[in-house]
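Data block below; observations after.
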Amino acid sequence: MNLRSALKPGFVGGIVVVYLSAIGMVERFQDRNVITGLVGLGVVLMLVAFAITSYTAARKSDSSLLTGVAVGFISGAFVAIVTMGFEGLINAGLDVRGMFVSITPGLLETLEFGLNPVVGAFMMVVASTAVGAVSGVLVGLEYHLRSAVVFAIGITLLMSLGEPILRVTLGNLQIPTGWLYELGGLTIAGTIIVLALAFGLRWWWMSRADTRREAAAQMPEATRRTWGRASLMAAIVALVALPWIVGPFVSDVLGTVGLYVLLGLGLNIVVGYAGLLDLGYVAFFAVGAYAAAIFTSPASFLVTEEGQQFAEAGFTNLWVALPFVVIIAVVIGAAIGAPVLRLRGDYLAIVTLGFGEIIRTLVLSDWLSPYLGGAQGLTRVPAAPPSSFDLRNPQHIYYLILAFSLIAAYISYRLVDSRVGRAWAAMREDEDVAEAMGISVVRYKLLAFAMGAGVGSLGGVFFAAKIGSIFPNSFGLQVSINVLAVIILGGIGSIPGVIVGAAALVGLPELLREFGEFRLLIYGAILIAIMIFRPEGLLPNKRRQRELHEGQDLAAVDLTKEGPS
Amino acid sequence: MSDAILSLRHVSASYGPVRALDDISIDVNEGEIVCLLGSNAAGKSTTLRTILGMTRANAGEIVFDGERIEGLTTPEIVSRGLTMVPENRRLFGKMSVKENLEIGANLRDDKAEIQEDIERVFSLFPRLKERIRQRAGTLSGGEQQMLAIGRALTARPKVLLLDEPSMGLAPILVEQVFETIQEINSQGTTIFVVEQNAHMALSIADRGYVLQTGSIVLEDTAANLLEHPKLSDAYLGEME
């Protein structure tokens, strides 16, 4: 190894840590305990940055341990020097915070591990070098061992970050948590137990991988199907039991995640299956929410003289309104779709972007404000709960969202391998030939658009019912972007991907509220990382994976082994 | 001609201001193999696109099976029994062989009959059956041409339109492809084939037309055309 190959990653690691510190992330994160009394999240963040740079550099080198140590040392030294520099500037009486607002005494204390500046700087270098050494050793380890170590560390971090949910959940299950958690972080004993358990489980699971594969291969088709069905049932039972285990707060988060799962499944039909990039998906979400509000809110313009009959006919009941809302959305979807679907690719994306904005502007307009409430929005949606089922209770509406998500997932699943799904796949690949083969491209595009609109409007209905009041600013471009990011992260065209994407992009930030101000930064960093390292998403659809890794060794893949995912 | 299953009568078509077809008339009788010959840019592919409604005719009429089709959409025309094997094959490369064949049958509903047609394709091209789950894009050139023909056949066409089936294939494969076309014809499918390879096409065809810069310049039986001195003119015309 030569020193130069360690220089660049070393500086990158150092600069990343200094950057994260200077924007205040390290200090803010440090408030959160990972291992109470020992390590805070801010320090973990730094160590992870060191570890990633050392690891990637060590992997490319033939002497991984040396490279790891060198990278770790350089990163740590860089951070230590910058820290001492700031310390010196402050001591010299300069107003550092006039420029770097986040360079607080608290931050410097974190960067010096609470010691005096010189010892602190030394500690920083020692810590980063140690992390670099560990990363270098990890690279050299045999695959199973490495995987088990990384898994154990990852699980421990997740257990610690998940403290707010897990403590409540375990409490609801009458499991004592005192030994595991303390002051928002893991106890030292808890950490050791979790590390050991995770390591052991992973090791055991991987050592049995061959046996398991053999058993699976020998299993008759019928047994395999029974197993598949049984695990699906188990998953559904778990999903049904979930809100009562995790309590109302997490249930509320689960409801929001479910909403995005629903929206993701809808957009997935349009973007993933039919290949139409729709950047204005929020339009259908808004249509669903506003239609539901108009039908069911007592503040609605429909509740006037002639509207009275309407109410008496039972339309103000959410259940009765639901199918009409979906029909309206499908009709609007088709009406918007008809003129624009002759456009392709980028042009379609830009026009849909415009439609999303048009809907929002229309809602805000004076012209429609007597009907849609303008900036004041519409409140009390629906006025009376449809029955004893209380929509305002997060544990109740969760079920509504879950039920419709399951239906949407089932329909999506069945669509992929159907005639319609094949026609979409053909269209995505070569529109001209698809047309020459007799596939009515316009009709299939419209179908995708209308189905996406219908599912999106359901999301809107539940959003309105969940929040109880709707305002135009809930329907901005951000929603379209979020939903698109959900399906990109999970894997375009993949149903499990939508669920994972929604959980990661919507669920995690809700649970890590204290990091609110850095949310978009983290969001962006994750998306960039996904695009670079895994463009097919976390749980990809097999066909997409082939499309993106064209020419790599997937050439002779046996297509029967793929589920329709 | 009254027994023509497909006829173009005084058809013209243009791309913007550029006239691609100028008043052409072609008749294809039931059970025949008819070829349309011509050099690059003579308008051969445009003729096929116009028949299928992918390019609109400005004038003239196209009659298929006794009805005018020039105003119909492509899917409507395909569903009446006209299917094309596109130039350069244009398979759905990321789909399996089986899926490509199923796409051909996309307009039809009867699962049993589709399966029957797929089996028929496999009996024509046993090689495809061996590769049923393989990705179409990984097939060899000859296999891809077979699959492209197979994909068109699962639509159960009355008339099969082929756009330069010999393009980019080794001579031995070209011969095989044309033998297969003959076999498909003998099983009762009418064939209209567009080709640059005049001798190969005429060797299996009943009749032929020669297209030059958008107009039909020759029309005769295949045997006569093969002997015709002007045939080479039609090809060399541009180079003179």
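Taking the Cα centre of region A:1-125 as origin, sum charge times position over the Cβ atoms of Lys and Arg (+1) and Asp and Glu (-1), and report the length of that vector in debye to the nearest 20.
For region A:1-125, the charge dipole is close to 460 debye.
Taking the alpha-carbon distance from A:LYS8 and a cut-off under 30 Å, which lysines remain once sequence neighbours fewer than 8 residues away in the same chain are dropped?
Output for A:LYS8: A:LYS60.
Over region B:71-195, what percent of the accessible surface lies on carbon and sulfur atoms, probe 1.4 Å?
On the way: 2180 of 4670 Å².
Carbon plus sulfur share of accessible area: 47 percent.
Which Cα, out of A:THR67, A:VAL34, A:PHE151, lies furthest along the positive dipole direction of the protein assembly as shown (beta carbon charges, K/R +1, D/E -1)?
Comparing the listed Cα positions along the dipole, A:VAL34 ranks first.
Below 8 Å between Cα atoms, with a sequence gap of 6+, how large is the relative contact order for region B:140-240 in percent?
On the way: 90 pairs, mean separation 20.5, N = 101.
Relative CO of region B:140-240 lands at 20 percent.
Tell me the carbon and sulfur percent of the accessible area for chain A, rounded to whole percent, probe radius 1.4 Å. Present the calculation step by step, with values, prior to reporting the outcome.
Numbers: 18600 of 27050 Å².
Heavy-atom surface of chain A belonging to carbon and sulfur, 1.4 Å probe: 69 percent.
Using only the alpha-carbon atoms of the protein assembly as shown, report the extent along each of the three principal axes, biggest first, to the nearest angstrom.
Computed over the Cα atoms, the extents are 103, 83, 61 Å.
Hey, what angle do you get for helix A:419-429 against the long axis of chain A, alpha-carbon based, 0 to 90 degrees rounded to 10?
For helix A:419-429, the angle is close to 60 degrees.
Using a 1.4 angstrom probe, figure out how much accessible area region A:3-213 has per residue, in square angstrom, rounded to the nearest whole. Could the numbers behind the result be given before it?
On the way: 10970 Å² over 211 residues.
For region A:3-213, the per-residue accessible area is 52 Å².
Taking the Cα centre of chain B as origin, work out the dipole magnitude from +1 charges on Lys and Arg Cβ and -1 charges on Asp and Glu Cβ, in debye rounded to 20. Show your work: numbers first, answer last.
Numbers: 24 positive and 35 negative charges, 216 e Å.
The calculation lands at about 1040 debye.
Debye calculation, C-alpha points only, no solvent: report log10 I(q)/I(0) for region A:224-561 at q = 0.14, 0.16 Å⁻¹, in the same order as the q values.
With no solvent term, the Cα-only Debye profile gives -1.19, -1.49.
Send over a whole-number figure in Å² for the accessible area per residue of region B:23-62, probe 1.4 Å. Provide the component values of the computation, followed by the final result.
Working: 1190 Å² over 40 residues.
Heavy-atom accessible area per residue stands at 30 Å².
Among rounded, prolate and oblate, which fits region A:33-87 when a ≥ b ≥ c are the square roots of the eigenvalues of its C-alpha gyration tensor, a/c under 1.5 means rounded, and a/b larger than b/c means prolate? List each step's numbers first, then the result.
Working: a/c = 3.15, a/b = 1.40, b/c = 2.25.
Note, shape of region A:33-87 comes out oblate.
Going by average Cβ density within 10 Å per residue, which order do the peptides B:126-133, A:185-192 take, highest to lowest?
On the way: B:126-133: 15.4, A:185-192: 18.4.
Final packing ranking: A:185-192, B:126-133.
For region A:177-276, what is the Kirkwood estimate of the hydrodynamic radius, computed as the reciprocal of the mean inverse distance between distinct Cα atoms, to one decimal in Å? Walk me through the intermediate numbers first.
Details: mean 1/r = 0.0550 Å⁻¹.
Taking the inverse mean of 1/r over all distinct Cα pairs, region A:177-276 comes out at 18.2 Å.
On average, how many beta carbons from a partner chain sit within 10 Å of the beta carbon of a residue in B:100-106? Walk me through the intermediate numbers first.
Numbers: counts 3, 0, 4, 12, 3, 4, 11.
For peptide B:100-106, the averaged partner shielding equals 5.
Would you mind counting up the charge near B:GLY81? Only other residues with Cβ under 9 Å from its Cβ, with Lys and Arg at +1 and Asp and Glu at -1.
Working: positive: B:ARG80, B:ARG156, B:LYS158; negative: B:ASP65.
Combined, the nearby Lys, Arg, Asp and Glu give +2.
Averaged over A:419-428, how many beta carbons belonging to a partner chain fall within 10 Å of each residue's beta carbon?
Details: counts 9, 1, 0, 8, 4, 0, 5, 9, 2, 2.
Average per residue, whole number: 4.
Hey, got the dipole for the protein assembly as shown? About the Cα centre, +1 on K and R Cβ, -1 on D and E Cβ, debye to the nearest 20? Working shown, then result.
Details: 60 positive and 72 negative charges, 533 e Å.
So the magnitude is around 2560 debye.
Which whole-number percent gives the relative contact order of chain A, counting Cα pairs below 8 Å spaced six or more residues apart?
15 percent
Give, as a single signed number, the net charge of other residues whose beta carbon lies under 14 Å from the beta carbon of A:PHE86, with Lys and Arg counted +1 and Asp and Glu -1. Write out the running numbers ahead of the final one.
Working: positive: A:ARG97; negative: A:GLU27, A:GLU87, A:ASP95, A:GLU109, A:GLU112.
Residues near A:PHE86 contribute -4 overall.
When the helices in chain A are scored as -39500 (n - 2.57) per DSSP H run of 4 or longer and the sum is shared across all residues, what 222 nm value do you end up with, to the nearest 500 deg cm²/dmol? List each step's numbers first, then the result.
Values: 25 runs with 396 residues, N = 565.
Calculated mean residue ellipticity at 222 nm is -23000 deg cm²/dmol.
Taking the alpha-carbon distance from B:LYS98 and a cut-off under 20 Å, which lysines remain once sequence neighbours fewer than 8 residues away in the same chain are dropped?
A:LYS542, A:LYS561, B:LYS111, B:LYS129
Considering only protein heavy atoms, what is the solvent-accessible area of A:PHE301 at a probe of 1.4 Å, reported in Å² to the nearest 10?
80 Å²
Can you find, among A:LEU539, A:ALA321, A:GLY454, the residue sitting farthest towards the positive end of the charge dipole of chain A, where Lys and Arg contribute +1 and Asp and Glu -1 at Cβ?
A:LEU539
How long, wide and thick is chain B, going by the Cα atoms along their three principal axes, in whole angstroms, largest first?
That works out to 48, 38, 34 Å along the principal axes.
Compute the Cα gyration tensor for region A:3-213, then decide on rounded, prolate or oblate, letting a ≥ b ≥ c be the square roots of its eigenvalues: rounded whenever a/c is under 1.5, prolate when a/b is larger than b/c in the other cases, and oblate in all that remain.
Details: a/c = 2.79, a/b = 1.28, b/c = 2.18.
Oblate, because a/c is 1.5 or more while a/b does not exceed b/c.
Rounded, prolate or oblate for region A:6-107? Axes are the square roots of the Cα gyration tensor eigenvalues, ordered a ≥ b ≥ c, and the cut-off for rounded is a/c under 1.5. Working shown, then result.
Working: a/c = 2.69, a/b = 1.53, b/c = 1.76.
Oblate, because a/c is 1.5 or more while a/b does not exceed b/c.
Could you tell me the center-to-center distance, by alpha carbons, between region B:94-132 and region A:93-107 in angstrom?
71 Å
Counting protein heavy atoms only and a 1.4 angstrom probe, how many square angstrom of accessible surface do chains A and B bury in total, to the nearest 100? Intermediate values should be presented prior to the final figure.
Details: alone 28340 and 11200 Å², together 37030 Å².
The A and B chains share an interface burying roughly 2500 Å².
Can you give me the relative contact order of region A:1-134 as a percent, contacts being Cα pairs under 8 Å and 6 or more apart? Write down the numbers at each step before the final one.
Details: 201 pairs, mean separation 42.8, N = 134.
Answer for region A:1-134 is 32 percent.
How many Å² of accessible area per residue for region A:224-561, probe 1.4 Å? Walk me through the numbers before you get to the answer.
On the way: 14940 Å² over 338 residues.
Per-residue accessible area for region A:224-561 comes out at 44 Å².
Work from the charge dipole of the protein assembly as shown (Cβ charges, +1 for Lys and Arg, -1 for Asp and Glu, about the Cα centre) and give the residue of A:MET219, A:GLY140, B:VAL193 farthest towards its positive end.
Positive-most Cα among the choices belongs to A:GLY140.
What is the mean number of Cβ atoms from other protein chains located within 10 Å of the Cβ atom of each residue in peptide B:43-56, rounded to a whole number? Mind showing how you got there, number by number?
On the way: counts 0, 0, 0, 0, 0, 1, 2, 0, 0, 3, 2, 3, 0, 0.
That average works out to 1.
The values are calculated or read from the model by the stated rules, or taken from the named source; none is laboratory data. Predicted model, so just to flag it, every value in this text is computed and none were measured. As a convention, Cβ positions derive from the backbone with ideal geometry for all residues, glycine included, and neighbour counts pool all protein chains shown. Keep in mind that these areas ignore ligands, DNA and RNA; they rest on the heavy atoms of the full protein, side chains included. Shrake-Rupley method; radii C 1.70, N 1.55, O 1.52, S 1.80 Å.
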